[in-house]
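Reviewing the structure listed below.
Nothing in this text is a laboratory measurement; each read-out follows from the coordinates by a stated rule. Predicted model, so just to flag it, every value in this text is computed and none were measured. Glycine gets a Cβ as well: all are built from the backbone with ideal geometry, and neighbour counts include every protein chain shown.
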Amino acid sequence: MKNILRYFTKVTVIFGLVATTVNALKIDNDLGGKNEVILMAKHFTDSNISAEKYMDKMKGGWIGQIVGVCWGQPVEFHYCGSIMPNEDMPKWTPDMVNQAFGQDDLYVEMTFLHSMEKHGINVSMRQAGIDFANSRYSLAHANLYGRGNLRKGIAPPDSGHPEFTAHSDDIDYQIESDFSGLIAPGMPNVAIKLGDKFGHLMNYGDGVYGGMFVGGMYSAAFFENDIEKIIKAGLACIPEKSQYHEAISDVIKWYHKNPNDWKKSWKLIQKKYLHNPNYRRSSCNRESWKKNGELFDIDAKINGAYIVMGLLYGNRNIEKTALIAAQCGQDSDCNPSSAVGVLGTIYGFKALPEKYKQIDEKTKFSFTDYNFPQLINVCNKLAKKFIVANGGYIETNKKGVVIYNISVKKPKPITLEQSWMPKPITGNRFSKTELAKIIQGNKINLGPFGKNWTVTACGFDCSPGYYKEKLGHKNVLVTHPFDQTTGCVLKRTVTIPKNKKTTLHLVVGHYPDPKADWDLIVKVNTNQKFRKTISSKTTSNDFCSINIDLTDHAGQTVDLELINEPTGWCFEVAYWDVIEIISE
């Protein structure tokens, strides 16, 4: 067997039962350890793939994603506009693969898989939006504002439209799109269609194209192993006149000019796509960038360029691909995740080195119903449905081998849309019936506070609810904002007595961490009466006492609102020790 691995041999691969040459490809480990050898097909051109081979490659794609994100996560956004030194990349250890279960790069896209599993592969964009709106994980950038729009009733595709978000070109759908190619082997139009549906929940223009590009690469990687051809297959899925297409095309061009020096190409990317205002017209931080020269850039196209840098200069070496994609900076866990995910699809799970495959098969990914085997099974189930729905068929040959016969069709990109010159909004809004399906907050036990107060928009983080004791205080109500833009509201209606001084007395606290804070807002009849940041700077032993005079409303029946308002999204949990209305 060792001799077979040293030299290329011919094996029969079930792609229409065509004999295909397979080479032994040496993988140099640039980060230490032994060299590895994996078998890799020289060129796949047929449209048929065995079920076993598809499962292996799809599984390899997921492991590649996992490896890339877990490896790069410790240096995410540590280097913005600068190259990360080699030595700052953590050394890979086999246990790192099991850091995957809490990675948002992974569990967010599983929301989309679950929508299709539950509602069918033709799930409507509106239903997909409802499912995404009901997600309970923390988000940022395009995801955050897209989900916030959905919860407000702005239905897709308007939820990702630039009129309603300044984050439409951000990286979000790009980092969540890997699934779209993994369930669409050789079917780029499926990846495009899924990008149109799920990508527009939170993104627009280049933000959507980034996901279609990544999905197209994965789709191609089931039947192609030439990296540049795979990249160009991804490009064929997006409009040629888009800036995203231009960015990836530039990287290919610069790679051919500097095939042995990736840092020269990196500098060209920075000059054009980081520093040139013509390519920052829809950056979510463009005003800060113009004013302060801020180099943080979560734009999809520059991070997509870094994915391609890893693939082109990585020479099909997993370690080198991950390292270069991370060294380019910015979102340096998402970018190696997509790059190594494409490599994993090319190689397949069985051929990957053992040090990447020690994944716990029982633990479920956060906020999902899927452990790793369940994830693989649902992807296979969906892939089979897409194959049949798109003109293919599944058969068992005379040898008892299950074959997926795929109908190959030319990619058909969607029409060009640009975030700085967007098309008119559709005006789509959720109906009352649809809004009733969207969770607007966590139903918590208010304990004795529930005699007078109701709660809305309470989040799910930090275990909110009533506690008999918390942080040395008795009878404490714990709340948390619903998301980064929606505060938790305690509300009651009260009649303020005439001819008496009436005071709202509060004793409130914050999470015991120097970085933790939240804003206390008090409203009377929807008008803000009081606001204060509750933090280590404004409290003693994490709590403070506050008195708010309500006498100016004497004789009136008013609506009081106490709001646990988010600030910078760092442990913004509120502790309510005392809530009293005192008249004397």
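Charging the Cβ of each Asp and Glu at -1 and of each Lys and Arg at +1, and nothing else, the dipole of region 2-405 about its Cα centre rounds to 880 debye. Highest mean packing comes first when the peptides 51-59, 85-93 are listed by Cβ atoms within 10 Å, giving 51-59, 85-93. Simple rule: put +1 on each Lys or Arg Cβ and -1 on each Asp or Glu Cβ in the chain, find the dipole, and look at Trp453, Tyr145, Leu477; the Cα lying farthest toward the positive end is Tyr145.
With N the number of residues in the chain, Rg(Cα) / (2.2 N^0.38 Å) evaluates to 1.07.
Please compute the net charge surrounding Ser138, taking Lys and Arg as +1 and Asp and Glu as -1 over other residues with Cβ under 11 Å from its Cβ.
Values: positive: Arg136, Arg147; negative: Asp104, Asp461, Asp483, Glu572.
So the surrounding residues net to -2.
Taking a sphere under 11 Å around the Cβ of Trp569 and counting the other residues whose Cβ falls inside, with K and R at +1 and D and E at -1, yields a net charge of -3. Cα centroids of region 529-563 and region 439-458: 19 Å apart.
The peptide list 240-247, 433-440, 134-141, put in order of mean Cβ contacts within 10 Å with the highest first, becomes 240-247, 134-141, 433-440. Between beta-carbons, use under 11 Å as the cut-off and find the net charge around Ile154, counting Lys and Arg +1, Asp and Glu -1. Spelling it out: positives minus negatives among the neighbours equals +2.
The tail of the calculated P(r) for region 447-583, taken as Cα-Cα distances beyond 28 Å, holds 13 percent of the pairs. Taken about its Cα centre, region 145-299 carries a charge dipole of about 420 debye when Lys and Arg each add +1 at the Cβ and Asp and Glu each add -1 at the Cβ. Once you reduce region 69-136 and region 377-415 to the center of their Cα atoms, the two points are 26 Å from each other.
Toward the positive end of the charge dipole of region 60-136, with +1 on the Cβ of Lys and Arg and -1 on the Cβ of Asp and Glu, the farthest Cα among Gly64, Phe77, Phe112 is that of Phe112.
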